[in-house]
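Take a look at the structure set out below.
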Amino acid sequence: MSQTPLRIAMWSGPRNMSTTMMRSFGARSDTICVDEPFYAAYLKHSGAQHPMQDEIFATQSDDPRIVAAALVGAPALAAPIVYQKHMTHHMLPDFDRAWMAACRNVFLIRHPARVIASYARKMNDVTLSAIGFAQQLRLFDTAQKIEGQTPLVIDSDDILRAPAETLRALCSALRIAWDPVMLAWPSGPRPEDGAWAPHWYDAVWKSTGFGPPVPDLPRVAPEYQAVLREATNIYEQLATHRIRCGAQDR
């Protein structure tokens, strides 16, 4: 009889080192990865216009019920660990969240100054909704109710500051074995990459690891200061729950 896999639902906004984390887990021999499975459903039901939209619809179901059923079904076909990379803004308010009960929900956070600076280089419309902070807090509350415990939170700055120690602490919290292969991977595209990867993943495709520690926070343009203030308030709420390890200096 096959065992039910550990399904890790990793929730983050865009430009939040989420693809790098997918690379890290994808380097494990016991893990398969799923890249932003609700993207097409989000586009259809929100009416948003994104780059490579036709390619996204051609490769994903736009029915959130079908997507959710696939994420929690067929354990016999899965690896011991199924890593799901989710964008918080893709989970629209009317999408059912009951499927989250089959997952260990983890929240990947990043200082909003870094998110806004990175997002503005790719998209023209930088809003609180577009960068997913408010949705992340709501999903955190949902996961807390579903799991009956405080969900796991991990900060991308902590990972870059001390990747081995922080990832080891995350693995311990997930009750899976730490594997040093999570620190490096081959450059280039991967089979699990979504159809949108040519637009968004240029930096990740060049990477072979986590890179150097984070620099000082970037300056945020005056027109985004209101978004920065709101997002920082949410970030600080979530950061109080983040996983810590001895190598972290704050």
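The values are calculated or read from the model by the stated rules, or taken from the named source; none is laboratory data. Because the structure is a prediction, the values reported are computed rather than measured. We place every Cβ from the backbone using ideal geometry, glycine too, and count neighbours over all the protein chains shown. Note: accessible area is taken over every heavy atom of the protein model, side chains too, but ligands, DNA and RNA are not part of it. Shrake-Rupley method; radii C 1.70, N 1.55, O 1.52, S 1.80 Å.
Scan (1) modelled with pLDDT of 95 or more; (2) more than 30 Å from Q225 (Cβ to Cβ) for the single condition Q149 breaks and write down its number.
(1)
What single numbered condition from (1) surrounded by fewer than 22 Cβ atoms within 10 Å (Cβ to Cβ); (2) at pLDDT below 95; (3) in contact with a Pro (Cβ under 8 Å, 6 or more places away or on another chain) fails to hold for I131?
I131 satisfies every listed condition except (1).
Of all residues in the range 198-220, which are open to solvent by 90 Å² or more (accessible area, probe 1.4 Å) and under 21 Å from M21 (Cβ atoms)? It would help to see each step written out before you state the result.
The initial filter retains those residues of the range 198-220 that are open to solvent by 90 Å² or more (accessible area, probe 1.4 Å), namely 206, 212, 215-216, 219.
Hits for the range 198-220 are K206, P212, P215.
Step by step: first the residues of the range 146-159, then only those that are part of a helix (DSSP H, G or I) and touching a Ser or Thr at 6+ places or on another chain (Cβ under 9 Å), then the one that is surrounded by the fewest Cβ atoms within 10 Å (Cβ to Cβ). Which residue is that?
The extreme case among them is S156.
Tell me which of these T19 doesn't satisfy, since it passes every other one: (1) in contact with a helix residue (DSSP H, G or I) (Cβ under 8 Å, 6 or more places away or on another chain); (2) open to solvent by 20 Å² or more (accessible area, probe 1.4 Å).
The number of the failed condition is (2).
Restricting attention to the range 205-220, does a residue exist that is among the hydrophobic types (A, V, I, L, M, F, W, C), in a helix (DSSP H, G or I) and in contact (Cβ under 8 Å) with a residue 60 or more places away in the chain?
The answer is no; no qualifying residue exists.
Mind telling me which of the residues A143, A173 ends up being open to solvent by less than 20 Å² (accessible area, probe 1.4 Å), in a helix (DSSP H, G or I) and touching a residue at least 40 places away in the same chain (Cβ under 8 Å)?
Just one listed residue meets the conditions, A143.
Looking at E230, E223, E236, which is the one that is farther than 24 Å from L152 by Cα and open to solvent by 90 Å² or more (accessible area, probe 1.4 Å)?
Of E230, E223, E236, the one residue that is farther than 24 Å from L152 by Cα and open to solvent by 90 Å² or more (accessible area, probe 1.4 Å) is E223.
Mind counting the residues in the range 239-250 that are within 20 Å of the chain's Cα centre (by Cα), of a type outside the set (K, R) and open to solvent by 30 Å² or more (accessible area, probe 1.4 Å)?
Here the count works out to 2.
Within the range 176-197, track down each residue that is buried (at least 18 other Cβ atoms within 10 Å of the Cβ) and either polar (S, T, N, Q) or more than 17 Å from W11 (Cβ to Cβ) (or both).
The answer is I176, M182, W185, R190, D193, A195, W196, A197.
Please determine, by comparing only the residues of the range 160-170 that are over 17 Å from the mean Cα position of the chain (by Cα) and open to solvent by less than 30 Å² (accessible area, probe 1.4 Å), which one is farthest from T240 (Cα to Cα).
Among those residues, the one meeting the criterion is A164.
Kindly establish whether M52 is touching a residue at least 40 places away in the same chain (Cβ under 8 Å), on the phi < 0 side of the Ramachandran plot and among the aliphatic types (A, V, I, L, M).
Spelling it out, it is not the case that M52 is touching a residue at least 40 places away in the same chain (Cβ under 8 Å), on the phi < 0 side of the Ramachandran plot and among the aliphatic types (A, V, I, L, M).
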